[in-house]
1. For region C:188-221, enumerate the residues that are of a type outside the set (A, V, I, L, M), outside any strand (DSSP E or B) and more than 21 Å from C:Leu234 (Cβ to Cβ).
2. Within region A:95-148, count every residue that is of a type in the set (Gly, Ala, Ser) and either at the interface with chain B (Cβ under 7 Å from one of its Cβ atoms) or in a helix (DSSP H, G or I) (or both).
3. I need every pair where a residue in region A:227-251 that is closer than 25 Å to B:Gly242 by Cα has its Cβ under 7 Å from the Cβ of a residue that is part of a loop (DSSP other than H, G, I, E, B) and of a type outside the set (Gly, Ala, Ser), sequence separation at least 6 or different chains.
4. Filter region B:132-173 for residues that are of a type in the set (Val, Ile, Thr) and outside any helix (DSSP H, G or I); which is farthest from the other protein chains (Cβ to nearest Cβ)?
5. Would you call A:Ala58 buried (at least 22 other Cβ atoms within 10 Å of the Cβ) and in a helix (DSSP H, G or I)?
6. How about region C:73-165: which helices (runs of 4 or more DSSP H) wholly inside it have at least 1 residues that are within 16 Å of B:Val178 (Cα to Cα)?
7. Go through (1) surrounded by fewer than 24 Cβ atoms within 10 Å (Cβ to Cβ); (2) closer than 14 Å to C:Gln89 by Cα; (3) not charged (D, E, K, R) and name the single condition C:Pro164 misses.
8. For a quick check of your reading of the model, give me the residue pairs whose first member lies in region C:37-63 and is surrounded by fewer than 17 Cβ atoms within 10 Å (Cβ to Cβ), whose second is among the β-branched types (Val, Ile, Thr) and assigned to a strand (DSSP E or B), with beta-carbon atoms closer than 9 Å and at least 6 apart or on different chains.
Amino acid sequence: MRLLLVVGLDGLTYASWLFLVSAGLTFTYGVLRVLNLAHGNLYALGAYLGATLVLHYAATGSTPALTYALLLIAALVIGAVVGPLIERFFLRRVYSRDEEVQLLLTFSISLILEDVVKLVWGVTPIFADLPYTYLGRVRLGGVNYAWYPFLLAAIALAIGGLLWLVVTRTRLGKILTSVISDREVSLTLGINVPRVYTLAFTAGAVLAALGGALTAPMFSLVPGVGADVLVTSFAVIAIGGLGSIGGAALGSLLVGMARSFAVYKFPELDLFVIYLIMALVLLFRPQGFFGEIEVRRI
Amino acid sequence: MTTRTRTVALLLIVALVLLVGLPLLLPEWIIFLLTVASAKALAVLGVVLLLRGKLLTFGHALYYAAGAYAGGMAVRYWGVHEALVLLALALVAGVAVSAILGLLVARYRAVYFALLNLAFSMVLYGMLLKLYDVFGGTDGIGIAEPTLAGFRLSGLAMYELTIVITALLVYLTHRFFVSPLGYTLRAIRDNEVRVEYMGVSVWRAVYVSYIIAGALAAVSGGLIALAVGHITPDLAFWSQSGEFVFVAILGGTGSVLAPVVGSVLFEFVRNYAFKLSPYTWQMTLGIVLLLIIFFLPGGVWSLTARLPRRSHR
Amino acid sequence: MSALLETVGLTRFFGSVRAAEDLNMRVAQGETVGIIGSNGSGKTTFLNLATGYLKPERGRILLDGHDTTALPPRAITRLGVARSFQIPQLYLGMTVLEAMLLSLAARAGRIGLWAPLLRDEWIVEARQVLAQFALDAQAERLVGELPEGSRKLLDIALAVALKPRLLLMDEPTAGVSTEDKFEVMDTLSTVLRGSGITTIFVEHDMDVVQRYSQRVLVFDQGLVIADGEPAKVLGDADVRRAVLGHV
């Protein structure tokens, strides 16, 4: 029973981290049909800016409670500034071209942002753990847990819920759904599709940066965190189906739990579990759980 | 003089220049750079081969590293030092891994193809990095004192070996490009549906092409291991894959020689640029790639149209 | 006389749109059959189903008595069925000759790695086939540079090159100007006549169907509403109403 609790909680916290970092990627793909290879870099930017803000603030000695707001602000700033920049000045110009060209474009952006991080923040690790340590620890079922991961889980749940609400209950959501299912028809309906695209991309960027900012207090930051996140996020959304938020949630849960169990028995599997699951799912269902296969009309 | 005699004569002259002339004229460090560039060109050739089928991979360093480490493992665990054996092992490793991963990957295109390859390459990277006992972690593995058919493999001999192997594989890849399978790959780029309606298996064509591309990169890695004498997990890192893609795009998919020329230019530029400013190298690549995307008329694929169109090639 | 192509109870919906419903038809070896119907009557869907590109919800497709319902286009092609498309499906980046050679290589089942595609025996035959379709002069041109009419012909030529038993053509004169329609069909007829290839072609144009088919099937909303001699079928008021929207 204790084992179940430990593994279960571990799985849940990892799952919520996975969802946080991959939601933005799948959302952007769902609306724009573009996989943003700079996703990891946006994550890194959010993390670095968040960490920097926290460290500067912490130096002033003021109340730690506000550091959470700083993380949020960092994410919003990165997402709202870099997101539209990428979409309007670069991505927009290649919508009519091959998917491969779009991939190369976001890849170029990724290369550039990779060095931007190094130029601005250098290569020495940065660790801003105040938001993490401030929440303290709790004893559950005889095991000592930090509160922070549970906060992340709550936020992940909230974001998932928020996204679901927006997409299914709001007018904006209806517009998004329309654009997702048929761009041409949406245009004729008078929807400002370019503006929707910018908005969606920015939202994805904010989510990516938020994932980074919220995770920053947990690990030492080095350049290169982005690459891992991109690959991990892709694995999760491939499992769930590219473009599906629900899929990302399901994928995150599946991978989180599976990894938790697997690692308990075989710690060496840590690296592989997510990709093993991905490979297995794709072998039997190439489009992921909630993905769609597009059949070309002839 | 017939065309045939002329071609043979031309080839002999080129061979003489490359194998004898250059080493006499150029300093050792340039010869070394040419060795590395030539070796890497094979991995780029693998990327180009796949691009001809519009299959963009961001993880080709997977096979590059697999080849290198296959050699490295043989050195570390079996005490093998013979270059030809190490290269053969590299080739086997490349074929084996691509044959397995290809089963899954060959079904996919575009985003999935690109990212699945990236994912698997980063898995290998993680393995090479973390399984310290097996792979040596960041310390890597040293390929000390390799031999060629029993004789010590000098820098010059390594250069000659690399040129010969590169020339051979470039030629074989050319044969592939002009073969029915090679054309099928191009047809797949243009119209997969039509290919199926010709009664030809698209999946099989992609699968075989994937294996060939993996094999090329693996030999490339094997050569690098021998040339540099030391291998590290970075060989599998995504930025290495990115560099292969960059050189492939730069040179275009029209010719088997473009990867070689591009690779040589790239190594020289990178040699200087990286020393000057290591934190702007990737940014530079990114900017150049953007310029290519936006200012090459007809886009990135126009690079195939740039080369003179002779249909009987 | 046994049927070369037969469908039994073929049914396929797209949501609520009925593309085929309990569609039964038979075409015997050697026949030249025209399929006519208004837009959305299920003509192209029929070809997609018959060649395995789409799967029916119910029903069977039989090729020379063999059930091919579950087979993919590739397998059906290898059984001797070739198809041309409403919008030509071509390899825009190759030359006309190269595309034709690939078709011949496919027919021969010789998609290998070593011997070149451009080999003399194949080039001779490729040029012959192209000449039949008056495309020989364009052999060195990139497919992407061909004018519309030539693309149509090439699309069909690539299918004919496979030497099929059954040739399915989707609107062979679509996009072709009215003056050229008959020229295209005449070229086609000359090539196909005496070749023994069973032909089914889907058409919009009643005049073309009347002139070039031995038998006409009329589709309307996924059903076969008429089947018989061109003159009789096309003279029928109900048919005209279904196809043209008026009499």
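1. Result: C:Thr190, C:Arg193, C:Gly194, C:Ser195, C:Gly196.
2. Residues meeting the conditions: 2.
3. Going by the 7 Å Cβ cut-off, the qualifying pairs are A:Leu230/A:Leu37; A:Ile239/A:Phe289.
4. In this case the residue turns out to be B:Thr147.
5. No.
6. Counting at least 1 such residues, we get C:96-108, C:120-132.
7. Condition not satisfied by C:Pro164: (2).
8. So the pair list comes out as C:Gly40/C:Val17; C:Glu57/C:Thr11; C:Arg58/C:Thr11; C:Arg60/C:Thr7; C:Arg60/C:Val8.
The values are calculated or read from the model by the stated rules, or taken from the named source; none is laboratory data. Here the structure is a predicted model, which means the values were calculated and not measured. Backbone-built Cβ (ideal geometry, glycine too); neighbour counts: all protein chains shown.
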